[in-house]
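K.L.:
Let me begin by handing over the structure; questions about it come next.
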Amino acid sequence: MNAENSLSALVVVHNEERHLPECLAALGFCDELVVVLDRCTDASKEIAEAQGARIVEGAWPVEGDRRNDGIAACGSAWVMEIDADERVPEALAQEIRETIAASKADYHRLPVDNYIGKRLVRHGWGASFGVRSAPRLCRKGVKQWGRQRVHPALTWRDGAREGPPLKTPLVHYTDENISDLLNRLDRYSTARAADLRESGNLGSAAANYRRLVSRFLKCYLSRKGYREGGLGFLIALCAGLYPLLSYLKARYD
């Protein structure tokens with residue numbers, strides 16, 4: 001394998017023993033597996049070791065920090081970041097290898113198919129509550145995650161070039177059901193509230209009430225969440241509530 005075309009898969013986990021075996025089993029096309037274990041107390045470590053992964057263990061309150069440390073531990077020229085609740089289909093695996101063999105760019109976006117339970121939900125994602133694509137395939141050293149607990153910002157190396165997006169979607173089991181989706185809203189807004197308090201800039205109630213409306217309309221209308229029926233309405237509502245709940249928790253919790 002040409003070192004310039006080598007590929008590390010990076011999986012950052014916290015107690016993901018249920019998802020991790022299937023996730024790692026689909027990454028055999030990579031030259032290296034790196035698994036970051038963040039305060040894991042379940043069998044995640046044993047599962048990763050059984051797949052021959054390089055293990056990085058520690059405690060990272062900030063998501064951006066653990067992702068940056070994981071990238072630093074990767075030994076390949078290219079890094080693909082995958083979450084435990086995501087799966088790489090064979091067609092995507094082949095497309096990734098073909099892409100890095102020929103690419104002159106520094107990073108590429110992967111399309112994402114999001115599932116709630118067994119239902120594929122194509123429309124309405126966005127506004128920090130879900131993505132339809134993400135820059136997951138990058139040359140090592142071009143990407144730096146920000147120091148946020150949730151949805152960390154991305155900084156790119158000066159001159160980094162974005163290549164064409166890949167065509168085959170990554171499969172993402174976003175939520176098991178509606179209760180799981182609402183629990184995720186609670187977790188995300190709690191983490192975001194901690195970031196707001198730490199920054200010293202909570203924003204204003206009025207601005208966040210406006211964001212509730214604008215984000216709901218963006219997801220439900222502009223991103224066609226209405227095509228998903230009640231789930232689309234709920235996703236848009238969660239996207240709108242996320243900044244407002246974060247603000248309220250930061251101010252009153």
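K.L.:
Specify the residue that is surrounded by the most Cβ atoms within 10 Å (Cβ to Cβ); the eligible residues are those in region 118-142 that are hydrophobic (A, V, I, L, M, F, W, C) and out of contact with any helix residue (DSSP H, G or I) (no Cβ under 7 Å at 6 or more places or on another chain).
P.N.:
Cys138
K.L.:
All but one of (1) at pLDDT below 95; (2) crowded, with 16+ Cβ neighbours inside 10 Å hold for Trp145, so report the exception by its number.
P.N.:
Of (1) at pLDDT below 95; (2) crowded, with 16+ Cβ neighbours inside 10 Å, only one is false for Trp145: (1).
K.L.:
Next up: Can we say Arg223 is within 20 Å of the chain's Cα centre (by Cα), of a type outside the set (Val, Ile, Thr), outside the structural domain of Asp69 (by TED's automatic domain parsing) and surrounded by 15 or more Cβ atoms within 10 Å (Cβ to Cβ)?
P.N.:
yes
K.L.:
Among the residues of region 1-22, write down those that are farther than 18 Å from Ile71 by Cβ and either buried (at least 23 other Cβ atoms within 10 Å of the Cβ) or under 17 Å from the mean Cα position of the chain (by Cα) (or both).
P.N.:
Listed by number, the residues that qualify are Asn15, Glu16, His19, Leu20.
K.L.:
Any idea which of (1) over 29 Å from Gly225 (Cα atoms); (2) assigned to a strand (DSSP E or B); (3) in contact with a Ser or Thr (Cβ under 7 Å, 6 or more places away or on another chain) is the one Ser76 doesn't satisfy?
P.N.:
Of (1) over 29 Å from Gly225 (Cα atoms); (2) assigned to a strand (DSSP E or B); (3) in contact with a Ser or Thr (Cβ under 7 Å, 6 or more places away or on another chain), only one is false for Ser76: (2).
K.L.:
In addition: Looking at region 36-53 only, could you name the residues that are in contact with a helix residue (DSSP H, G or I) (Cβ under 9 Å, 6 or more places away or on another chain) and either hydroxyl-bearing (Ser, Thr, Tyr) or not assigned by TED's automatic domain parsing to the domain that holds Arg66 (or both)?
P.N.:
Scanning region 36-53 gives a single hit, Ser44.
K.L.:
Considering Arg210, Arg192, which residue is out of contact with any Asp or Glu (no Cβ under 7 Å at 6 or more places or on another chain), assigned to a helix (DSSP H, G or I) and exposed (fewer than 15 other Cβ atoms within 10 Å of the Cβ)?
P.N.:
Arg210
K.L.:
Do the conditions hold for Asn15, that is, is it over 24 Å from Gly141 (Cα atoms), out of contact with any His (no Cβ under 9 Å at 6 or more places or on another chain) and of a type in the set (S, T, N, Q)?
P.N.:
Answer is yes for this residue.
K.L.:
Find the residue count for region 148-170, including only residues that are surrounded by fewer than 18 Cβ atoms within 10 Å (Cβ to Cβ) and of a type in the set (A, V, I, L, M, F, W, C).
P.N.:
Of the residues in that region, 4 qualify.
K.L.:
Give just the number: which of (1) buried (at least 19 other Cβ atoms within 10 Å of the Cβ); (2) modelled with pLDDT of 95 or more does Ala50 not satisfy?
P.N.:
(1)
K.L.:
Could you check, for region 76-90, whether at least one of its residues is aromatic (Phe, Trp, Tyr) and under 30 Å from Ile235 (Cα atoms)?
P.N.:
Checked region 76-90: no residue is aromatic (Phe, Trp, Tyr) and under 30 Å from Ile235 (Cα atoms).
The values are calculated or read from the model by the stated rules, or taken from the named source; none is laboratory data. As the structure is a prediction and not an experimental result, all values here were calculated from the model. All Cβ positions, glycine included, derive from the backbone under ideal geometry; neighbour counts span all protein chains shown.
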